[in-house]
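The values are calculated or read from the model by the stated rules, or taken from the named source; none is laboratory data. The model shown is predicted, which means the values in this text are computed figures rather than measured ones. Neighbour counts run over all protein chains shown; Cβ positions are idealised from the backbone, glycine included. The area values use the complete protein model at the heavy-atom level, side chains included, leaving out ligands, DNA and RNA. Shrake-Rupley method; radii C 1.70, N 1.55, O 1.52, S 1.80 Å.
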Amino acid sequence: MSGFKKFLLRGNLVELAVAVVVGATFSGLIQALVKDLITPLIAAVTGGGGPDFSEYSFTVNGAEFMYGDFINHLLSFLIIASVIYWLVVMPMTRLIAFFDRDKKATEKECPECLSDIPIDARRCAFCTVELSRVPAADRPPA
């Protein structure tokens, strides 16, 4: 039982559980936004029949296709994806680029086969072409 207790109380597992709960709550909030605000707004602008797309459907040979519900879920997905991209992915990309810009180059490109090789290499490990013998200290920064 102690091993199971350690597994459950790991920091990553607890953080993941919190992220799932917050994500589910955020998803519910966005679905309510789409259902209660965006679709009625679209219906008002386009002169649509009802304020909720989820009621839109068509029938073929007795099978009912609820395309309006799909539209609601598609709008929810697009809003969630946009928020995640603009508030999580973009800031993280900028932060990583900020910390990586001062790193010293450790690899260079082979002029013959375009493979990445160590900066101090005198011969390419992939195509075995002999590289220039300029010492690393005399080379211009990459």
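Between Ile96 and Asn12, the modelled labels are 1.7 nm apart [label points 7 Å from Cα along Cα→Cβ].
Val83 contributes an accessible area of around 50 Å² to the protein surface, as traced by a 1.4 Å probe with all chains present.
Annotation: amide H of Lys108 within the under-5 Å range of Ile117, Ile119, sequence separation 5 or more or interchain, hydrogens built in the peptide plane.
Solvent-accessible surface (1.4 Å probe) assigned to Leu95 amounts to roughly 80 Å².
The residues Asp116, Asp100, sorted by heavy-atom accessible surface at 1.4 Å with ligands and nucleic acids left out, run Asp116, Asp100 from largest to smallest. Length gained on full extension, Val21 to Phe65, computed as 0.36 nm times the residue gap minus the Cα-Cα distance: 12.7 nm.
Divided by 2.2 N^0.38 Å, where N counts the residues, the Cα radius of gyration of the stretch 39-131 comes to 2.21. As I understand it, the dipole of the chain uses +1 on the Cβ of Lys and Arg and -1 on the Cβ of Asp and Glu, about the Cα centre. Which of Leu75, Thr106, Val88 lies farthest toward its positive end? Sorting the options by dipole projection puts first Thr106. FRET efficiency for the Val88 to Phe126 pair, using the beta carbon distance and R₀ = 25 Å, is estimated at 0.10. Each other residue within a Cβ distance under 14 Å of Asp116 adds +1 if Lys or Arg and -1 if Asp or Glu, for a net charge of -3. Rounded to the nearest 20 debye, the dipole size of the chain about its Cα centre is 780 debye, using +1 on the Cβ of Lys and Arg and -1 on the Cβ of Asp and Glu.
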